[in-house]
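Student: Sending over a structure as structure tokens; questions will come in a sec.
The values are calculated or read from the model by the stated rules, or taken from the named source; none is laboratory data. No experiment lies behind these values; they were computed from the predicted model shown. Here the Cβ positions follow ideal geometry from the backbone for every residue, glycine too, while neighbour counts run over all protein chains shown. For accessibility, only protein heavy atoms count, side chains too; no ligands or nucleic acids. Shrake-Rupley method; radii C 1.70, N 1.55, O 1.52, S 1.80 Å.
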Amino acid sequence: MRIAVVNNFFPPRPGGSSHLAAALADRYAAAGHEVLVLTAAYKDAPAEEERNGYRVVRLPAMPMPKLGLSIDFDMAFTAARPGNLRRVSRLLAEFKPDVIHQHGQFFDLSWISGRYARRHKVPVLLSIHTRLESPDPKYAALFRMLDRFMVWPLIRRFHPRYVIMDELAARYCAERYRATTADFEYMPVAVEPSRFEGFPELDVRAKYGVGDAPLIVSLGHVIPLRDRMALIEALPDILAKHPDTKVMIIGRVYYDAFAKRAAELGVSDAVITTGVVPSADVPAYFHAADVVAHDLQGGGFGTASLEAMASGRATIGTVTETNFPAVRLRNWENFVLVRPNDPADLAQAVIRLLDDPQEREGIAKRQRDLVYLHFTLDVVTRQHLEAFERMLEQKA
């Protein structure tokens, strides 16, 4: 097959969808398929390059302006630059894709490539990585309007099939984009467990002066949907039982309410913020952790949390036991589930894990086994390729 992979985010730009798009492209090419990646320019990354057997084209892009709001994200849009509409059409016409795999329903490269797909009757698979939602009522209303009046009118023109990674994505696509189960391809997010094997060179505990203290690691940019407030508000109870505990928050801080709350509660000394760290160092940060708590607001269970499980660290989530299609989660057996936005419940779970290292290690091992069984890139790549084959059969 000739597979066009489209994502405004692609390495070296950080982010879960960026690295997943690259990992899938690598495996598509390794399986013998022709691959073209279209993405947005990023810093000093080359405009074109050959990477692991396929071509990457980075299109001129305009960064999203910084307005001083909590929804300021590091995004870039290609449609704002003259000539890109024609260039994408030309690149795709030269490549002649059998299928287009889009990442991100609200990225303009998805809309532009969808325009080509509609005209040339090319099947499209669309991965929903981020839902346009917010706990802030005014932003929630804005995002609903964007979905209703911009995203949905554009994507419905090329009728994509939706990659459904969890039950929240299924509900979202049904409500916002009027999709049905007939439009769904059920595939979980994928990780590469092998990168967490072995012993990391970086000693994170020494670097930050943590020593042997209990360490809770929380990885990912701080945004309203991952604000870490529950973790901060759980800290007083955790510190009462384990007074040396540290919380390490890793990622760019777009929304700093957690820091203000930590100061109010008098727990700032227990909180370490690292900023963005290189992707290659992520295994070292998980290796240093006793507990990982990242997705705490009921917004799903993402790549960072699955990578923590793959690294063999007890990882807490706020999803339900039915979150992943065809994957059974069992609380306190192969998973640790707490109620969303519930500091008391979170504190109890953390304390239980810190109190009993044997139970913590047993759960961590079963979580790791779960990832190897259902969430590896090899498993998920095969599911994507099977979906492409079905789409081409339906087209014929």
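Student: What residues have an amide H closer than 5 Å to that of L59, excluding those fewer than 5 places away on the same chain, when H is modeled at 1.01 Å from N in the peptide plane?
Tutor: Answer set, sorted by chain and number: T39, A40, A41.
Student: Now for a different question. Set the Förster radius R0 to 30 Å, insert the Cβ-Cβ distance between T180 and E48 as r into 1/(1 + (r/R0)^6), and round the FRET efficiency to 0.05.
Tutor: On the way: r = 39 Å, r/R0 = 1.31.
According to the calculation, E is roughly 0.15.
Student: To continue, here is another question. Enumerate the amide H contacts of V99 below 5 Å, restricted to partners 5 or more residues apart or on another chain; note that Pro and chain-start residues carry no placed amide H.
Tutor: Under 5 Å from the amide H of V99: R2, A4.
Student: Beyond 29 Å between alpha-carbons counts as too far, so tell me which of K43/K138; K43/K246; K241/K365; K246/K365 fall in that bin. The partial results should precede the final answer.
Tutor: Numbers: K43/K138 32 Å; K43/K246 34 Å; K241/K365 25 Å; K246/K365 23 Å.
In this structure, K43/K138; K43/K246 exceed 29 Å between Cα atoms.
Student: While we're here: Which of the aspartates and glutamates could a cross-linker bridge to K207, judged by Cα under 14 Å and excluding same-chain residues fewer than eight apart?
Tutor: D281
Student: Follow-up. Using Cα pairs closer than 8 Å and at least 6 residues apart in sequence, work out the relative contact order for region 259-336, in percent. Intermediate results must be reported in sequence, preceding the final value.
Tutor: Values: 71 pairs, mean separation 16.9, N = 78.
Dividing the mean separation by the residue count of region 259-336 yields 22 percent.
Student: Let me ask something additional. Can you give me the relative contact order of the chain as a percent, contacts being Cα pairs under 8 Å and 6 or more apart? Before the final figure, lay out the partial values.
Tutor: Details: 730 pairs, mean separation 54.5, N = 396.
Once divided by the residue count of the chain, the mean separation gives 14 percent.
Student: Tally up the carbon and sulfur contribution to the accessible surface of the chain as a whole percent, 1.4 Å probe, everything protein left in place. If you can, show how the numbers build up before the last one.
Tutor: Working: 9000 of 17370 Å².
Carbon and sulfur: 52 percent of the exposed surface of the chain.
Student: Separation of region 196-211 and region 47-63 by C-alpha centroid, Å?
Tutor: First find each Cα centre; the distance between them is then 34 Å.
Student: Could you tell me the calculated FRET efficiency between H159 and E333, based on Cβ-Cβ distance and R0 = 56 angstrom, to the nearest 0.05? Please report the intermediate quantities before stating the final value.
Tutor: Details: r = 41 Å, r/R0 = 0.73.
About 0.85, to the nearest 0.05.
Student: For a quick protection proxy, order the peptides 382-388, 126-132, 271-277, 365-371 by their average other-Cβ count within 10 Å, most packed first. Can you show the working numbers first?
Tutor: Working: 382-388: 17.1, 126-132: 22.7, 271-277: 15.4, 365-371: 19.0.
Packing order, densest peptide first, comes out as 126-132, 365-371, 382-388, 271-277.
Student: For T274 paired with E321, estimate the spin-label separation in nm (one decimal), with each label point 7 Å from Cα along the Cα-to-Cβ line.
Tutor: Computed distance between label sites T274 and E321 equals 3.4 nm.
Student: Same structure again: Over region 193-375, what is the relative contact order in whole percent, taking alpha-carbon pairs under 8 Å and six or more residues apart? Display every interim value, and only then the final one.
Tutor: Values: 328 pairs, mean separation 44.1, N = 183.
About 24 percent, as a whole number.
Student: Using only the Cα atoms of the chain, what semi-axes does the equivalent ellipsoid have when each is the square root of 5 times a gyration tensor eigenvalue? Give whole Å, largest first.
Tutor: Working: eigenvalues 265, 98, 84 Å².
Each semi-axis is the square root of five times an eigenvalue, giving 36, 22, 20 Å.
Student: Per DSSP H run of at least 4 residues, take -39500 (n - 2.57); add these up for the chain, divide by its residues and hand me the 222 nm value, nearest 500 deg cm²/dmol.
Tutor: Details: 14 runs with 156 residues, N = 396.
Taking each H run of at least 4 residues, the total per residue is -12000 deg cm²/dmol.
Student: Another question, then. Please work out how much length the chain gains when fully extended from E167 to Q348, using 0.36 nm per residue of separation minus the C-alpha to C-alpha distance, in nm with one decimal.
Tutor: Numbers: separation 181, 0.36 × 181 = 65.16 nm, distance 2.62 nm.
Extra length from E167 to Q348 when fully extended: 62.5 nm.
Student: Under a 5 Å amide H to amide H cut-off, with H placed in plane at 1.01 Å, what residues pair with I164 once short-range neighbours are removed?
Tutor: When sequence neighbours closer than 5 places are left aside, the close amide H contacts are E185, Y186, M187.
Student: For a label point 7 angstrom out from the Cα of E197 toward its Cβ, which stretches of region 343-379 have the backbone nitrogen within less than 19 Å?
Tutor: Counting backbone N atoms under 19 Å from the label point, the list is 365-379.
Student: For region 115-121, take each phi angle, set θ = phi - 60°, evaluate the Karplus expression 6.51 cos²θ - 1.76 cosθ + 1.60, and give the result in whole Hz per residue in order, putting x for glycine and proline.
Tutor: 4, 5, 4, 5, 5, 10, 6
Student: Something else about it: Can you tell me which of 55-63, 246-254 comes out highest on packing, and rank the rest after it, using the mean Cβ neighbours within 10 Å? Walk me through the numbers on the way to the answer.
Tutor: Working: 55-63: 17.9, 246-254: 20.6.
Ranked from most to least packed, the peptides come out as 246-254, 55-63.
Student: So, one more: Report the full-extension gain for the segment A79 to R252: residue separation times 0.36 nm, less the Cα-Cα distance, to one decimal in nm.
Tutor: Details: separation 173, 0.36 × 173 = 62.28 nm, distance 2.61 nm.
This chain segment gains 59.7 nm when fully extended.
Student: Continuing with the same structure: Could you please tell me the mean projected area of the C-alpha convex hull for region 195-338, averaged over all directions and given in square nanometres to one decimal? Intermediate values should be presented prior to the final figure.
Tutor: On the way: hull surface 34.6 nm².
With every direction weighted equally, the projected area is 8.6 nm².
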